[in-house]
1. Which of (1) modelled with pLDDT under 95; (2) of a type outside the set (A, V, I, L, M); (3) crowded, with 17+ Cβ neighbours inside 10 Å is the odd one out, the single condition G42 does not satisfy?
2. Looking at P18, P26, which is the one that is over 17 Å from S132 (Cα atoms) and free of Cβ contacts under 8 Å to residues at least 24 places away in the same chain?
3. Only one residue in R32, R74 is charged (D, E, K, R) and either under 15 Å from the mean Cα position of the chain (by Cα) or crowded, with 23+ Cβ neighbours inside 10 Å (or both). Which one?
4. Taking R64 as meeting all but one of (1) in contact with a Gly (Cβ under 8 Å, 6 or more places away or on another chain); (2) on the phi < 0 side of the Ramachandran plot, write down the number of the exception.
5. Report yes if G27 is on the phi > 0 side of the Ramachandran plot and more than 8 Å from the ligand (Cβ to nearest atom), otherwise no.
6. If you check A117 against the conditions, is it of a type in the set (A, V, I, L, M, F, W, C), more than 9 Å from the ligand (Cβ to nearest atom), under 15 Å from E150 (Cα atoms) and surrounded by 14 or more Cβ atoms within 10 Å (Cβ to Cβ)?
7. Provide a single number: the residues in region 36-87 that are within 18 Å of V22 (Cα to Cα) and among the basic types (K, R).
8. Determine which member of the set D84, D11, D94 is more than 23 Å from A230 (Cα to Cα), away from the ligand (no atom under 15 Å from the Cβ) and charged (D, E, K, R).
Amino acid sequence: MKLWQTRRHWDKFARTDPLWAVLTVPGKEGRRWTPEDFFATGESDIATALAAVGRAHPRLRQGRALDFGCGVGRLTQALARKFDQITGVDLSVDMLAHARRFNRHGDRVSYIHNTAADLACFADGSFDLVLSLITLQHVAPEYSRRYIAEFIRVCAPDGVAYFQVPAKSFLGQSQRFTFYPPSLIKRIWRRLNRSLAAAPTMDMHVLPRDEVIALISEAGGEVLAIEESAKAGQDFMSYTYLVRKR
Ligand SMILES: C[S@@+](CC[C@H](N)C(=O)[O-])C[C@H]1O[C@@H](n2cnc3c(N)ncnc32)[C@H](O)[C@@H]1O
């Protein structure tokens, strides 16, 4: 899937069931996530991420953080409790509209719409922490390889990048599953605009661990830690990579 297609699908998810599209937990579909429970998962994921960062880099400066593929700001909001300035970046303008609505930290948090295949909107060395969870799995490898190199480029000299990507699928190399919006919303959509009637889909992609390690090295990064992660669900073997600039 090309980036413009991915964008259209995520915009559709954002317009139907945004919290469930971000966290597809059974029983929470049909807008059954409460914002409180949903954002509590972000607090817990950030606590886990920062504990992993702290083990390898105990004196990380907590100035500027980037949340790549921020969605509705689940992790961005939790990062705002720890860092001075947080930037959330996403391909979907409709996800970002929710993120702005859910922001509780004023102008310490900014949300940026980026449809480019790189992070040229940020200068080299801009961030103490670059974080990305449950996003690269939805990005085709032709793009995710470039984004990983970009994470390292925008990292400050003493900063780190912490990102998760599945390495292997137990189903096959690359899968797509389809999310059907609740039928009422679908009917309304059909009436409003026939082109919106098609249900959005979420692609799942993998990048083998050896390939990610090679990419990191080519981009001038050094791997500080790799940990197994359950973030992509039971059908995928996934890792988090903690990286600093060499
Ligand atoms: C499953 S959600 C995860 C959101 C957030 N990382 C979290 O954990 O709550 C995936 C998000 O990645 C975004 N996304 C997909 N491809 C992207 C890209 N190439 N650049 C930026 N964001 C992207 C989607 O729009 C969506 O908001």
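The values are calculated or read from the model by the stated rules, or taken from the named source; none is laboratory data. Only a predicted model underlies this, so the values are computations on that prediction, with no experimental measurement involved. In this analysis, Cβ positions are derived from the backbone assuming ideal geometry, glycine residues included, and neighbour counts consider all displayed protein chains.
1. Answer for G42: the failing condition is (1).
2. It is P26.
3. R74
4. Every listed condition holds for R64 apart from (1).
5. Spelling it out, G27 is indeed on the phi > 0 side of the Ramachandran plot and more than 8 Å from the ligand (Cβ to nearest atom).
6. Spelling it out, it is not the case that A117 is of a type in the set (A, V, I, L, M, F, W, C), more than 9 Å from the ligand (Cβ to nearest atom), under 15 Å from E150 (Cα atoms) and surrounded by 14 or more Cβ atoms within 10 Å (Cβ to Cβ).
7. Here the count works out to 1.
8. Going through D84, D11, D94 in turn, just one is more than 23 Å from A230 (Cα to Cα), away from the ligand (no atom under 15 Å from the Cβ) and charged (D, E, K, R): D84.
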